[in-house]
Amino acid sequence: MNSVPTNSSILDTTLVNHLGSDDLFVDQIGKTVARSLDRELSHLSPKVLQRLENARELALLHQKTGFSVSGTQKSLKQKTQFFPRLGPIGPILLVLMLVFVIAQWQQNARIKDIVDVDTAILTDSVPPDAYADDGFRLFMKKMIAQAKEEEKEIESRLETTNTNRIDQESSNPKISGSPATDPSNNQ
């Protein structure tokens, strides 16, 4: 197939070759558009001209500060990340810090428990050497077992007492509303 080049393609290739780079080509297009807009300024109202001037000043300000539409998306992404410069290592470091904090917390809790036990041993009337004695350990186990048995016995007595009281109340029902038992009928 033999294609015939169009005027725009010839113009494009010769203009690009003439300018030498794409940046120069884009710059030339920008200047052409600016000239066309300048010719049409005389037909615009002062209100529109003022808005265009404000928009131009804002665009120049954003260009000086390095702000752009793509920069907006990038800056929003950076604001939502906790450590934007760390990249994918950030979450790993965060997990490591959490593990370290948890380990420190557990170590402090263990130390506190040991201090509580030591304080109880030292303030008790039993000498600390007794706790190391095997005979004393057996004695303490028996004492704890006896205390548990006594506690169970007291609970069973309370249950028996409560059951007897409920049985007595159910066997002696009070008849309400009868003239003999109603105290409001004293005449």
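Remarks
- Whichever residue in region 41-56 is modelled with pLDDT under 85 and of a type in the set (S, T, N, Q) and, among such residues, is surrounded by the fewest Cβ atoms within 10 Å (Cβ to Cβ): Ser42
- Close Cβ contacts (under 6 Å, 6 or more residues apart or on different chains) running from residues in region 75-98 that are modelled with pLDDT of 80 or more to residues that are surrounded by 11 or more Cβ atoms within 10 Å (Cβ to Cβ) comprise Gly90/Phe83.
- Residue pairs meeting the criteria (Cβ under 8 Å; at least 6 apart or on separate chains; first surrounded by 10 or more Cβ atoms within 10 Å (Cβ to Cβ), in region 137-163; second assigned to a helix (DSSP H, G or I)): Arg137/Tyr131
The values are calculated or read from the model by the stated rules, or taken from the named source; none is laboratory data. As the structure is a computational prediction, the values presented were derived from the model and not from experiment. Reconstructed Cβ throughout: ideal geometry from the backbone, glycine too, with neighbour counts over all protein chains shown.
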